[in-house]
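The values are calculated or read from the model by the stated rules, or taken from the named source; none is laboratory data. Because the structure is predicted, anything quoted here is derived from the model rather than measured. Here the Cβ positions follow ideal geometry from the backbone for every residue, glycine too, while neighbour counts run over all protein chains shown.
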Amino acid sequence: MYRIIEVDAATAEARAIVDEASATFCCYYSKHFRRDVNDGREVVWMSERDGWNHLYLYDGATGHVKNRITRGEWVVRSVAKVNDQARQIWFAASGMHAGQDPYFLHWFRVNFDGTGLTPLTQTPGRESPARVHQRYAALHQHLLAPGPCAGV
């Protein structure tokens with residue numbers, strides 16, 4: 001079992017915001033991620049609740065899942081960046097490409113509501129999130145520049 005508990009400092013009352021339990025097995029040794037958004041009104045949480053490691057958006061007030069952010073027969077390996085204003089998450093995943101070693105990492109961006117899943121890398125490997133972010137930012141900046149488009 002894994003639980004996030006909020007304690008009211010004035011009253012000492014406690015309540016569970018996230019409550020993870022499994023009849024079989026949950027491993028949170030090195031695969032945990034939590035990000036409070038909007039001063040805790042929402043929580044981005046990584047979970048193996050469906051047998052695959054994915055991201056969920058929780059309502060921080062009720063403790064209920066608002067929506068799944070990622071889904072499928074593949075796993076989220078890590079989260080590199082959360083942009084609260086744009087409501088986007090940059091993460092590494094593996095197992096998304098049939099016929100490819102399931103341990104190869106690819107980097108993606110997705111919206112909090114689960115839409116807009118965008119691959120940021122095409123070739124498998126272990127490229128750092130900082131490098132992926134720099135390359136994407138440079139490409140985005142280049143595409144916004146006036147004049148004809150050229151490859152980056």
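Laid out as a table, the results:
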read-out	value
The listed residue being among the aliphatic types (A, V, I, L, M) and in contact (Cβ under 8 Å) with a residue 60 or more places away in the chain, out of Val65, Val44, Val79, Val75	Val44
Hey, Leu120 modelled with pLDDT of 85 or more, hydrophobic (A, V, I, L, M, F, W, C) and in contact with a helix residue (DSSP H, G or I) (Cβ under 9 Å, 6 or more places away or on another chain) or not	yes
Within region 6-37, considering residues that are among the small types (Gly, Ala, Ser) and modelled with pLDDT under 90, the one farthest from Lys66 (Cα to Cα)	Ser30
Set Gly95, Gly147: member being at pLDDT 90 or above and at positive phi	Gly95
